[in-house]
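Asks: Here you go, one structure.
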Amino acid sequence: MTQRKPIVAGNWKMNGSFELVAEICSEVKKYKNLNVDVIIFPPALLLSEVVKNGIESGTQTISEFDAGAYTGEIQAQLAHELGAKYTLIGHSERRSIFNESDQQVADKFAQAQKSGLTPILCVGETEAEREAAQTEQVVARQIRAVIDKLGIAALNDSVIAYEPVWAIGTGKTATPEQAQAVHKFIRDMLNSYDKQVASSLRILYGGSVNEKNSESLFAQADIDGGLIGGASLKKDAFTSICNSAVGNV
Ligand code: PGA
């Protein structure tokens, strides 16, 4: 069985400040040589500050276009030149508030890889979809949009984050068993395409992860770390979450 190195990713959304970068980065430095990849996704305007502090970082979204007349967009190539290593793709807030379609998400995934960024593809069902027993169908559709466009090999250098929409920012976390069931479904689905991709790809859980529930979530067989929103803005909570991921393979 492949030993997958856990990831703890902090998605600051449109929050944070120069002061917070300094505060969080000085803590995160401590994980450099430990068995966890800690990655900060600050607002784009703070990206260079995080890079300056020597911490792995990424953008929260990128444009699907190369360059040109796209006012306000974040260019993947430039983010990479600035020092970003990763980008979130298809976060549920991008899908719901900014109407990103599965197709657009696949285009952004392609643009990320073309520009040297590792995409973290976010997938997850809404509360209504879960109640209608459509969780697997929705998650499979969101992942298939990328596989259909780019082929399964494209997932080799990527990460998936399963984030049930009903658990994001609500304080309602999926139970470790609920999360594990979807993670296993994703891994089984990938396995039907390519066994090597399925066993090596890291699948993160996101949605109200905090210092109290991270350990039991990360202990699940198919959960390889977390994508943390609210708790990533609090130094003590975030470091406890990082601690619970260290060595959890
Ligand atoms: P949350 O956000 O941890 O605040 O629920 C997670 C996310 O949106 O990535």
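A short reminder: the numbers here are calculations on the coordinates, not readings from a lab. Remember, predicted model here, so these are calculated numbers, not experimental data. Quick reminder, even Gly has a Cβ in these numbers, built from the backbone with ideal geometry, and neighbours come from all protein chains shown.
Asks: Is the shape of the stretch 72-204 rounded, prolate or oblate, going by the alpha carbon gyration tensor and its root eigenvalues a ≥ b ≥ c, with a/c under 1.5 for rounded and a/b larger than b/c for prolate? Don't jump to the answer; show the numbers that get you there.
Replies: Values: a/c = 1.79, a/b = 1.29, b/c = 1.39.
Verdict is oblate for the stretch 72-204.
Asks: Treat every Asp and Glu Cβ in the chain as -1 and every Lys and Arg Cβ as +1, leave all other atoms uncharged, and give the resulting dipole magnitude about the Cα centre to the nearest 20 debye. Can you show the working numbers first?
Replies: Numbers: 24 positive and 30 negative charges, 97 e Å.
Dipole magnitude for the chain comes out near 460 debye.
Asks: Per DSSP helix of 4 or more residues, -39500 (n - 2.57); summed, then divided by the residues of the chain. What does that give at 222 nm, rounded to the nearest 500?
Replies: On the way: 11 runs with 102 residues, N = 249.
After summing the helix terms and dividing by residue count, I get -11500 deg cm²/dmol.
Asks: Rounded, prolate or oblate: which fits the stretch 1-46 when a ≥ b ≥ c are the square roots of the eigenvalues of the alpha-carbon gyration tensor, with rounded for a/c under 1.5 and prolate only if a/b beats b/c? Don't jump to the answer; show the numbers that get you there.
Replies: Details: a/c = 4.26, a/b = 1.83, b/c = 2.33.
Oblate, because a/c is 1.5 or more while a/b does not exceed b/c.
Asks: Sorted from largest to smallest, which semi-axis lengths in Å does the alpha carbon gyration tensor of the stretch 1-137 give for its equivalent ellipsoid, taking the root of 5 times each eigenvalue?
Replies: Working: eigenvalues 127, 84, 45 Å².
They are 25, 20, 15 Å, listed largest first.
Asks: May I ask which residue of 25, 203, 176 lies farthest towards the positive end of the charge dipole of the chain, with charges of +1 (Lys, Arg) and -1 (Asp, Glu) on Cβ and the Cα centre as origin?
Replies: Of the candidates, 25 comes out farthest on the positive side.
Asks: Across the Cα atoms of the stretch 116-194, what radius of gyration and what greatest pairwise Cα-Cα distance (Dmax) are found, in Å?
Replies: Rg and Dmax of the stretch 116-194, Cα atoms, are 12.9, 38 Å.
Asks: Related question: Describe numerically, in nm with one decimal, the distance between label points set 7 Å from Cα along Cα→Cβ at residue 141 and at residue 118.
Replies: 3.0
Asks: While we're looking at this one, here's another question. Please work out the FRET efficiency for the pair residue 70 and residue 219, using the Cβ-Cβ distance as r and a Förster radius of 30 Å; give the result to the nearest 0.05. Could the numbers behind the result be given before it?
Replies: Numbers: r = 43 Å, r/R0 = 1.43.
With a Förster radius of 30 Å, E is 0.10.
Asks: Arrange 92, 214, 101 by Cβ neighbour counts within 10 Å, fewest through most, would you?
Replies: Details: 92 23, 214 27, 101 11.
The most exposed by this proxy come first: 101, 92, 214.
Asks: Then there is this: For the stretch 22-56 and the stretch 170-207, compute the distance between their C-alpha centroids and round to whole Å.
Replies: The two parts, judged by their Cα centres, are 25 Å apart.
Asks: Taking the Cβ of residue 90 as the centre, find all other residues whose Cβ is under 14 Å away and add up their charges (Lys, Arg: +1; Asp, Glu: -1). Provide the component values of the computation, followed by the final result.
Replies: On the way: positive: 94, 95, 108, 141, 144, 149; negative: 64, 93, 100, 102, 107, 125, 163.
Charge balance near residue 90 sits at -1.
Asks: If we count other beta carbons within 10 Å of each Cβ, what is the order of 193, 70, fewest first? Each step should come with its number before you reach the end.
Replies: On the way: 193 15, 70 12.
Least to most surrounded, the residues fall as 70, 193.
Asks: Quick one: 91, 80, 183, fewest Cβ neighbours within 10 Å first, how do they rank? Show your work: numbers first, answer last.
Replies: On the way: 91 28, 80 20, 183 23.
The most exposed by this proxy come first: 80, 183, 91.
Asks: Measure up 85/149; 30/195; 52/114; 30/212; 32/85; 30/114 against 26 Å on the Cα-Cα distance and list the ones that go over. Mind dumping the intermediate values first?
Replies: Working: 85/149 22 Å; 30/195 34 Å; 52/114 24 Å; 30/212 21 Å; 32/85 15 Å; 30/114 31 Å.
In this structure, 30/195; 30/114 lie more than 26 Å apart at Cα.
Asks: Let's see if you can work this out: charge +1 on each Lys and Arg Cβ, -1 on each Asp and Glu Cβ, no other charges. What is the dipole magnitude of the stretch 95-140 about its Cα centre, in debye to the nearest 20? Before the final figure, lay out each step's value.
Replies: Details: 4 positive and 8 negative charges, 68 e Å.
Taking the Cα centre of the stretch 95-140 as origin, the dipole is about 320 debye.
Asks: From the square roots a ≥ b ≥ c of the eigenvalues of the alpha-carbon gyration tensor of the chain, which class results: rounded (a/c under 1.5), prolate (a/b over b/c), or oblate? It would help to have the intermediate numbers written out before the result.
Replies: Working: a/c = 1.39, a/b = 1.06, b/c = 1.31.
It is rounded, given that a/c, with a ≥ b ≥ c, falls under 1.5.
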